[in-house]
Amino acid sequence: MSIDRLVLAFAGTFVLVSLALSQFHSTYWLWFTAFVGANMLQSAFTGFCPLAKILKALGKKPGNAFD
């Protein structure tokens, strides 16, 4: 799996998990959902994604998410 798809998978997983935690534990988990969304928005404009840097350092291959 390419870095692009892994980043999308991580973001989607984190959003769904934090939404579930907000329902079953505390609504403060919605701040984590907002953080993930803000990070995705800033990376769309700047091209900088911390998770992509980490995955690249771990040897994952870059790719085009929507070919």
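Every number in this text was worked out from the coordinates using simple rules, so none of it is lab data. All values reported here derive from a predicted model rather than from experimental measurement.
Once the chain from Ala9 to Phe32 is taken as fully extended at 0.36 nm per residue, the excess over their C-alpha distance is 6.7 nm. Taking every full run of DSSP H in the chain, the ones that stretch at least 27 Å from end to end by Cα along their long axis and average 0.5 or higher on the Kyte-Doolittle scale are 3-24. Estimated purely from DSSP H runs of n ≥ 4, each contributing -39500 (n - 2.57), the mean residue ellipticity at 222 nm for the chain is -23000 deg cm²/dmol once divided by its residues.
Over the chain, the ratio between the Cα radius of gyration and 2.2 N^0.38 Å evaluates to 1.22.
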